[in-house]
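**Student:** Below is the structure I would like to discuss, written out as structure tokens.
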Amino acid sequence: MSGKLHLAQALSNRGRRGRKRDFPDAERLVKRLVAQELVLSFVPDPEQRLWRTITRRKLQMTRLHVRMQNQLESLLEEAHIKLSGFVTDLLGVSARRMLQTLADGETDPAALAALADKRLRATPAQLCDALGACTELNPVYRRLIKMALEELQFLEQQMGQLDQEIANLLRPHEDAVKRLAEVPGLGVDSAQQIIAEVGPTVASFSSDKQLCSWVAVCPGDNETGGVNYSHRSPKGNRQMRRILNQAANAAARTKGSIFEIVYRRQVMRMGHNQAIGVIAHRLCRLIWILLHRKVRYEERGPAVTERSKRVRTLRMIRTLRSLGYRVEPLGNPA
């Protein structure tokens, strides 16, 4: 015989003080479960737990990639190569080509500067000045730079494989991914992480308020005797709070969106952190509506320009197609 497993919060099953007894405690558990007095925790199904494993593994690899990039920049600074001062992305096409050639043994700064793309803002003279130390560079630094580039390339390959894995697993919920990706501040990657955390239909939460309470993007209520001592948010799901805070910062900078108006309205009175918390709360409620009611996002802010709409549409279509989704635009975005 088997039954349904419930995970209850310990505070809702507190018994009388005294010695612990197994059978009376089990009887108390059953009675409180039947009376619906237990506060049950959210336990996802095995399929959703697999989604969480992949998305959280990718997050760990992304953090490792950032740490390796910072170590590479520190290594270049130690070797007196000031390339990061003239190149925006140290792992871009031009910078990576120059670093790879430098690691292979090239000692001429002019030859390295000639490998840069023509659209790079830095002039050849500036690049030669930044790469001037390569003429007397110790061979040990060259080997260390080569090792760092190989590790970064290996991490990028694994992250690409994880992207394909999560895209294949969420293919039956492709429409939910598209609906979330249309929200300002969110993208395909953020939409996949949200679905992995709360599910494709948010069926475990009966209302948007319950979802906000579980994520803990709502103000606390530490009140005693009519005096509120703290509005600090409680501890909730850390993964969802991280995603919502990042999305709120991006949405506040999206020109023409309603979130930009909300941020400008609240930041003067509440400060940056609390204004971002307000936007994260709105995003959380919006996510429940989009997933639970299966509706699409409609922008209620000032009308954005047609060019920005086309750019955002093309970027979203390109990202979805790179992950293997089939996207057919209704109109002609070009």
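The values are calculated or read from the model by the stated rules, or taken from the named source; none is laboratory data. Computed from a predicted model, the values in this text were never measured in an experiment. Quick reminder, even Gly has a Cβ in these numbers, built from the backbone with ideal geometry, and neighbours come from all protein chains shown.
**Student:** Working carefully through the options Arg63, Arg142, find the one that is within 30 Å of Asp189 (Cα to Cα) and in a helix (DSSP H, G or I).
**Tutor:** Selected residue: Arg63, the only one of Arg63, Arg142 that is within 30 Å of Asp189 (Cα to Cα) and in a helix (DSSP H, G or I).
**Student:** I'd like to know if the stretch 212-230 contains one or more residues that are in contact with a Cys (Cβ under 6 Å, 6 or more places away or on another chain) and assigned to a helix (DSSP H, G or I).
**Tutor:** Yes, the stretch 212-230 has at least one match.
**Student:** Still on this structure, please answer the following. Check the stretch 202-209 and report whether any residue there is farther than 18 Å from Arg49 by Cα, assigned to a helix (DSSP H, G or I) and touching a Cys at 6+ places or on another chain (Cβ under 9 Å).
**Tutor:** yes
**Student:** Something else now. Going by the conditions given, is Asp117 touching a residue at least 12 places away in the same chain (Cβ under 8 Å) and not in a helix (DSSP H, G or I)?
**Tutor:** yes
**Student:** Go through (1) within 17 Å of the chain's Cα centre (by Cα); (2) touching a residue at least 40 places away in the same chain (Cβ under 8 Å); (3) surrounded by fewer than 18 Cβ atoms within 10 Å (Cβ to Cβ) one by one and return the number of the condition Ile166 breaks.
**Tutor:** (3)
**Student:** Moving on to the next point. Confirm whether Glu37 is of a type in the set (D, E, K, R) and outside the structural domain of Ser12 (by TED's automatic domain parsing).
**Tutor:** Against the criterion (of a type in the set (D, E, K, R) and outside the structural domain of Ser12 (by TED's automatic domain parsing)), Glu37 does not qualify.
**Student:** If we scan the stretch 151-160, do we find a residue that is in a helix (DSSP H, G or I), within 19 Å of Met316 (Cα to Cα) and either of a type in the set (D, E, K, R) or out of contact with any His (no Cβ under 9 Å at 6 or more places or on another chain) (or both)?
**Tutor:** Within the stretch 151-160, one or more residues are in a helix (DSSP H, G or I), within 19 Å of Met316 (Cα to Cα) and either of a type in the set (D, E, K, R) or out of contact with any His (no Cβ under 9 Å at 6 or more places or on another chain) (or both).
**Student:** In the stretch 255-277, how many residues are surrounded by 12 or more Cβ atoms within 10 Å (Cβ to Cβ) and either in contact with an Asp or Glu (Cβ under 6 Å, 6 or more places away or on another chain) or within 29 Å of Phe42 (Cα to Cα) (or both)?
**Tutor:** Summing the residues that are surrounded by 12 or more Cβ atoms within 10 Å (Cβ to Cβ) and either in contact with an Asp or Glu (Cβ under 6 Å, 6 or more places away or on another chain) or within 29 Å of Phe42 (Cα to Cα) (or both) in the stretch 255-277 gives 4.
**Student:** Determine whether Gln126 is in a helix (DSSP H, G or I) and surrounded by fewer than 13 Cβ atoms within 10 Å (Cβ to Cβ).
**Tutor:** No.
**Student:** Filter the stretch 4-44 for residues that are surrounded by 10 or more Cβ atoms within 10 Å (Cβ to Cβ) and charged (D, E, K, R); which is farthest from Ala191 (Cα to Cα)?
**Tutor:** Arg21
**Student:** Still on this structure: For the stretch 193-240: of the residues being at pLDDT below 90 and of a type in the set (Asp, Glu), which is surrounded by the fewest Cβ atoms within 10 Å (Cβ to Cβ)?
**Tutor:** Asp221
**Student:** Which of the residues spanning the stretch 53-65 are exposed (fewer than 15 other Cβ atoms within 10 Å of the Cβ) and either in contact with a strand residue (DSSP E or B) (Cβ under 7 Å, 6 or more places away or on another chain) or within 19 Å of Pro200 (Cα to Cα) (or both)?
**Tutor:** Answer for the stretch 53-65, where residues must be exposed (fewer than 15 other Cβ atoms within 10 Å of the Cβ) and either in contact with a strand residue (DSSP E or B) (Cβ under 7 Å, 6 or more places away or on another chain) or within 19 Å of Pro200 (Cα to Cα) (or both): Thr53, Arg56.
**Student:** Separate question: Just to be sure I understand the filter: pairs with C-beta atoms under 8 Å, separated by 6 or more residues or on different chains, first member in the stretch 249-276 and on the phi > 0 side of the Ramachandran plot, second member assigned to a helix (DSSP H, G or I). Which pairs pass?
**Tutor:** Cβ pairs passing all conditions: Gly256/Ser308.
**Student:** Every residue in the stretch 246-269 that is closer than 17 Å to Glu299 by Cα and among the aliphatic types (A, V, I, L, M), please.
**Tutor:** Scanning the stretch 246-269 gives Ala247, Ala248, Ala250, Ala251, Ala252, Ile258, Ile261, Val262.
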